[in-house]
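The values are calculated or read from the model by the stated rules, or taken from the named source; none is laboratory data. Quantities reported herein were computed from a predicted structural model and do not represent experimental measurements. Note: ideal-geometry Cβ built from the backbone for every residue, glycine included; neighbour counts use all protein chains shown. In case anyone asks, the SASA skips ligands and DNA or RNA and just uses the protein heavy atoms, side chains included. Shrake-Rupley method; radii C 1.70, N 1.55, O 1.52, S 1.80 Å.
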Amino acid sequence: MFNLSTQDVVLSIENASLVNLNGIYFQEYENFFGNNFSLPDISHSKFRKLEMQEDFSRQVLDTDDVVSRKLQIFFMNKKITDALSKKFDIKLKFQSVDVWRDLPGYYLPPHTDNKSIKLALQVYLGDNDQGTCLYGKGSDPVHTFQFKNNFGYSLLNNEKSLHGVPKVKNNGRKSLYVRYS
């Protein structure tokens, strides 16, 4: 269905620098899954509203979808979790992975994630001009991740890890969102 390489992902994690931007700890990735990554067409798959974001224009791929199930199994791999744990010097446990579809007009104000999430990893599935932004004390972004296919980031969840999404334009965006506790 699609070829994912644990080795390519582990190398992406190991080779990306850990950035400390005033207490915001993150990594930024290019070609996260390697050069030959492609996700099957999910445009006709079943999506539903995302829990705790029912009022937003974000949808999540149904967990019964075969792509969703295969991604769950892939990200459960201990080698991936161990690489992230080592890079961020924190004990992590895989929690879940979602495929998100953000429709035009979607917006998420600056926030930190639920405290049950120690680390989040997001990989973009397409190109768009609206990447996730990191915020400092003010309302202006201090860093924006490039929304390009197979690019992404991992972000340590702490009191300084404010992040959000400016209003999505164009045709919307798709991404993977992986949670570690």
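To keep it simple, each residue is scored yes or no on (1) over 16 Å from the mean Cα position of the chain (by Cα); (2) over 20 Å from Ser57 (Cβ atoms); (3) not small (Gly, Ala, Ser).
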| site | (1), (2), (3) |
| --- | --- |
| Val97 | no, yes, yes |
| Leu103 | yes, no, yes |
| Gly136 | yes, yes, no |
| Asn149 | no, yes, yes |
| Val165 | no, no, yes |
| Gly172 | no, no, no |
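Checked against (1) in a loop (DSSP other than H, G, I, E, B); (2) open to solvent by less than 50 Å² (accessible area, probe 1.4 Å); (3) touching a strand residue (DSSP E or B) at 6+ places or on another chain (Cβ under 8 Å); (4) of a type outside the set (S, T, N, Q), Gly105 passes all but a single condition, namely (3).
Take the conditions (1) of a type outside the set (Phe, Trp, Tyr); (2) at pLDDT below 95; (3) in contact with a helix residue (DSSP H, G or I) (Cβ under 6 Å, 6 or more places away or on another chain); Asp102 misses just one of them, which is (3).
In this structure, is Gln95 in contact (Cβ under 8 Å) with a residue 24 or more places away in the chain, farther than 15 Å from Ile24 by Cα and not in a strand (DSSP E or B)? Judged against the criteria, Gln95 is not a match.
Residues that are modelled with pLDDT of 90 or more and closer than 20 Å to Asp41 by Cα are absent from segment 133-145. Selection of segment 60-92 for residues being in contact (Cβ under 8 Å) with a residue 40 or more places away in the chain, in a loop (DSSP other than H, G, I, E, B), in contact with a Ser or Thr (Cβ under 7 Å, 6 or more places away or on another chain) and open to solvent by 20 Å² or more (accessible area, probe 1.4 Å) yields only Asn77.
May I ask you to list the residues in segment 112-126 that are of a type outside the set (Ser, Thr, Tyr) and either surrounded by fewer than 14 Cβ atoms within 10 Å (Cβ to Cβ) or under 21 Å from Asp89 (Cβ atoms) (or both)? Of everything in segment 112-126, those that are of a type outside the set (Ser, Thr, Tyr) and either surrounded by fewer than 14 Cβ atoms within 10 Å (Cβ to Cβ) or under 21 Å from Asp89 (Cβ atoms) (or both) turn out to be Asp113, Asn114, Lys115, Ile117, Lys118, Leu119, Ala120, Leu121, Gln122.
Being among the basic types (Lys, Arg), farther than 14 Å from Ser175 by Cα and in contact with an Asp or Glu (Cβ under 6 Å, 6 or more places away or on another chain) is the requirement here; does Lys46 meet it? Criteria met by Lys46.
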